[in-house]
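For reference, the structure discussed in these notes is given below.
The values are calculated or read from the model by the stated rules, or taken from the named source; none is laboratory data. What you see is a predicted model, and the numbers here were worked out from it, not measured in a lab. Here the Cβ is made from the backbone with ideal geometry for all residues, glycine too, and neighbour counts use every protein chain on show. Only protein heavy atoms, including side chains, enter the accessible area calculation; ligands, DNA and RNA are left aside. Shrake-Rupley method; radii C 1.70, N 1.55, O 1.52, S 1.80 Å.
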Amino acid sequence: MNKKENNIRPLKKGKNIAQILSYEEGIELELPMYKSEIKAGFPSPASDYIESTLDLNKHLVKHPAATFFVRVEGDSMIDAAIHSGDILIVDRAIQPEKQKIVIAAVNGELTVKRIWHQNDKLYLQSSNVHFEPIEITADMDFHVWGVVTYVIHKPI
(Lines give C-alpha, C1' and ligand atoms only; values in the text may rest on other atoms or scores of the structure.)
Protein backbone atom coordinates (compact mmCIF):
# COMPACT_ATOMS: atom_id res chain seq x y z
CA MET A 1 0.00 0.00 0.00
CA ASN A 2 1.52 3.35 -0.99
CA LYS A 3 1.49 6.55 1.05
CA LYS A 4 -1.63 7.97 -0.65
CA GLU A 5 -3.60 4.80 0.01
CA ASN A 6 -2.68 4.97 3.71
CA ASN A 7 -4.14 8.45 4.00
CA ILE A 8 -7.53 7.73 2.41
CA ARG A 9 -9.87 4.96 3.47
CA PRO A 10 -12.26 3.56 0.88
CA LEU A 11 -15.76 4.95 1.41
CA LYS A 12 -18.45 6.26 -0.88
CA LYS A 13 -18.00 9.92 -1.68
CA GLY A 14 -21.58 10.83 -0.68
CA LYS A 15 -23.87 13.60 -1.79
CA ASN A 16 -21.59 16.49 -0.88
CA ILE A 17 -18.18 15.11 -1.80
CA ALA A 18 -17.25 14.91 -5.48
CA GLN A 19 -13.57 14.01 -5.24
CA ILE A 20 -10.96 13.09 -2.61
CA LEU A 21 -7.34 14.11 -3.11
CA SER A 22 -4.34 13.43 -0.90
CA TYR A 23 -1.66 15.90 0.16
CA GLU A 24 1.73 15.31 -1.42
CA GLU A 25 4.57 16.19 0.96
CA GLY A 26 7.88 17.62 -0.17
CA ILE A 27 6.56 19.96 -2.82
CA GLU A 28 7.50 23.57 -2.17
CA LEU A 29 6.24 26.41 -4.30
CA GLU A 30 7.08 29.86 -3.01
CA LEU A 31 5.42 32.70 -4.89
CA PRO A 32 5.84 36.48 -4.44
CA MET A 33 3.89 38.13 -1.63
CA TYR A 34 3.24 41.85 -2.16
CA LYS A 35 3.56 44.14 0.82
CA SER A 36 0.60 46.31 -0.21
CA GLU A 37 -2.79 45.29 1.09
CA ILE A 38 -5.61 45.32 -1.43
CA LYS A 39 -8.61 47.46 -0.46
CA ALA A 40 -11.95 45.72 -0.80
CA GLY A 41 -13.67 49.12 -0.59
CA PHE A 42 -12.43 52.22 -2.44
CA PRO A 43 -9.33 51.79 -4.58
CA SER A 44 -6.05 53.25 -3.35
CA PRO A 45 -2.62 53.75 -4.88
CA ALA A 46 -0.61 50.56 -4.64
CA SER A 47 3.07 49.88 -4.72
CA ASP A 48 4.55 46.85 -6.38
CA TYR A 49 7.00 46.14 -3.58
CA ILE A 50 7.42 42.44 -2.90
CA GLU A 51 7.86 41.82 0.82
CA SER A 52 8.58 38.11 0.78
CA THR A 53 7.47 34.86 -0.72
CA LEU A 54 4.58 32.69 0.35
CA ASP A 55 4.34 28.92 0.11
CA LEU A 56 0.67 27.99 0.33
CA ASN A 57 1.58 24.47 1.44
CA LYS A 58 3.30 25.88 4.54
CA HIS A 59 0.57 28.47 5.11
CA LEU A 60 -2.49 26.23 4.70
CA VAL A 61 -1.28 22.77 5.77
CA LYS A 62 -0.37 22.50 9.46
CA HIS A 63 -0.27 18.69 9.72
CA PRO A 64 0.87 17.32 6.34
CA ALA A 65 0.59 13.63 7.27
CA ALA A 66 -3.00 14.18 8.43
CA THR A 67 -4.18 16.47 5.62
CA PHE A 68 -6.24 15.71 2.55
CA PHE A 69 -8.41 17.63 0.11
CA VAL A 70 -11.96 17.07 -1.08
CA ARG A 71 -13.94 18.69 -3.86
CA VAL A 72 -17.46 19.75 -2.87
CA GLU A 73 -20.57 18.81 -4.79
CA GLY A 74 -23.92 20.39 -3.91
CA ASP A 75 -25.12 23.49 -2.09
CA SER A 76 -25.96 22.34 1.44
CA MET A 77 -23.13 24.48 2.89
CA ILE A 78 -23.60 27.56 0.73
CA ASP A 79 -24.31 29.89 3.71
CA ALA A 80 -20.91 28.92 5.13
CA ALA A 81 -19.36 30.15 1.84
CA ILE A 82 -18.73 26.58 0.67
CA HIS A 83 -19.92 26.19 -2.91
CA SER A 84 -20.16 23.31 -5.34
CA GLY A 85 -16.75 22.84 -6.99
CA ASP A 86 -14.79 24.31 -4.06
CA ILE A 87 -11.82 22.39 -2.69
CA LEU A 88 -11.69 21.89 1.08
CA ILE A 89 -8.48 21.40 3.02
CA VAL A 90 -9.19 18.86 5.75
CA ASP A 91 -7.01 18.15 8.79
CA ARG A 92 -7.50 14.83 10.58
CA ALA A 93 -5.25 15.93 13.47
CA ILE A 94 -7.68 18.62 14.70
CA GLN A 95 -10.25 17.61 17.29
CA PRO A 96 -13.81 17.99 15.95
CA GLU A 97 -15.58 20.39 18.33
CA LYS A 98 -18.99 22.00 18.39
CA GLN A 99 -19.55 24.34 15.45
CA LYS A 100 -16.57 23.03 13.45
CA ILE A 101 -17.17 22.13 9.84
CA VAL A 102 -16.20 18.51 9.36
CA ILE A 103 -16.03 15.77 6.78
CA ALA A 104 -18.04 12.92 8.27
CA ALA A 105 -18.81 9.39 7.19
CA VAL A 106 -22.47 8.56 7.80
CA ASN A 107 -23.51 4.99 6.97
CA GLY A 108 -20.59 4.70 4.56
CA GLU A 109 -21.08 8.00 2.72
CA LEU A 110 -19.01 11.14 3.15
CA THR A 111 -20.57 14.52 3.73
CA VAL A 112 -19.46 18.01 4.74
CA LYS A 113 -21.48 19.55 7.60
CA ARG A 114 -21.16 21.60 10.77
CA ILE A 115 -21.05 19.44 13.90
CA TRP A 116 -23.58 20.38 16.54
CA HIS A 117 -24.53 19.12 20.03
CA GLN A 118 -27.90 19.93 21.59
CA ASN A 119 -29.68 18.30 24.55
CA ASP A 120 -27.23 15.37 24.60
CA LYS A 121 -27.85 14.72 20.92
CA LEU A 122 -25.36 15.01 18.08
CA TYR A 123 -26.29 16.59 14.76
CA LEU A 124 -24.69 17.35 11.44
CA GLN A 125 -26.04 20.72 10.38
CA SER A 126 -26.12 22.06 6.83
CA SER A 127 -25.55 25.75 6.23
CA ASN A 128 -28.57 26.11 4.01
CA VAL A 129 -32.15 26.52 5.32
CA HIS A 130 -33.43 24.09 2.67
CA PHE A 131 -31.64 21.13 4.29
CA GLU A 132 -32.69 19.45 7.54
CA PRO A 133 -30.09 18.58 10.18
CA ILE A 134 -29.00 14.96 10.40
CA GLU A 135 -29.38 13.53 13.89
CA ILE A 136 -26.67 11.00 14.59
CA THR A 137 -28.13 8.01 16.42
CA ALA A 138 -26.54 4.95 18.01
CA ASP A 139 -27.63 2.69 15.14
CA MET A 140 -25.78 4.77 12.53
CA ASP A 141 -22.26 4.04 11.34
CA PHE A 142 -20.69 7.44 12.00
CA HIS A 143 -17.26 8.90 12.40
CA VAL A 144 -15.55 12.18 11.64
CA TRP A 145 -12.87 12.04 8.97
CA GLY A 146 -11.43 15.47 9.69
CA VAL A 147 -11.99 19.15 10.30
CA VAL A 148 -12.20 21.59 7.39
CA THR A 149 -9.49 24.23 7.84
CA TYR A 150 -9.67 26.17 4.57
CA VAL A 151 -11.88 26.55 1.52
CA ILE A 152 -10.34 27.15 -1.90
CA HIS A 153 -12.99 28.96 -3.87
CA LYS A 154 -12.78 30.10 -7.48
CA PRO A 155 -14.48 33.49 -7.92
CA ILE A 156 -17.26 33.72 -10.44
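Listed peptides 97-105, 55-63 appear in the order 97-105, 55-63 once ranked by packing, highest mean of other Cβ atoms within 10 Å at the front. For a 19 Å ceiling on Cα separation, which of these pairs sit above it: Lys100/Lys121; Lys100/Lys154; Lys62/Lys154? Result: Lys100/Lys154; Lys62/Lys154 exceed 19 Å.
A simple packing score, the average count of other Cβ atoms within 10 Å per residue, orders the peptides 117-127, 83-93 as 83-93, 117-127, with the highest score first.
What does the charge count around Glu97 come to, taking other residues whose C-beta lies under 15 Å from its C-beta (Lys +1, Arg +1, Asp -1, Glu -1)? With Lys, Arg at +1 and Asp, Glu at -1, the neighbours total +4. When Val144, Val129 are compared by accessible area of protein heavy atoms, the largest-first order is Val129, Val144, using a 1.4 Å probe.
Convert 37 °C to kelvin, take the viscosity as 0.692 mPa s, use the Kirkwood radius over C-alpha pairs of segment 79-155 as Rh, and evaluate the Stokes-Einstein diffusion coefficient in µm²/s, rounded to a whole number. Answer from the Stokes-Einstein relation: 253 µm²/s.
Counting only aspartates and glutamates at least 8 places from Lys39 when in the same chain, those with an alpha carbon closer than 18 Å to its own are Asp48, Glu51. Local charge for Lys154 was computed over the other residues whose Cβ lies under 14 Å away, with Lys and Arg +1 and Asp and Glu -1, and equals 0.
The gain in end-to-end length when the Glu24 to Val129 segment is fully stretched comes to 34.2 nm, 0.36 nm per residue minus the alpha carbon separation. Per residue, how much accessible surface does segment 38-156 expose to a 1.4 Å probe? Answer in Å², no decimals. About 62 Å² of surface per residue is accessible.
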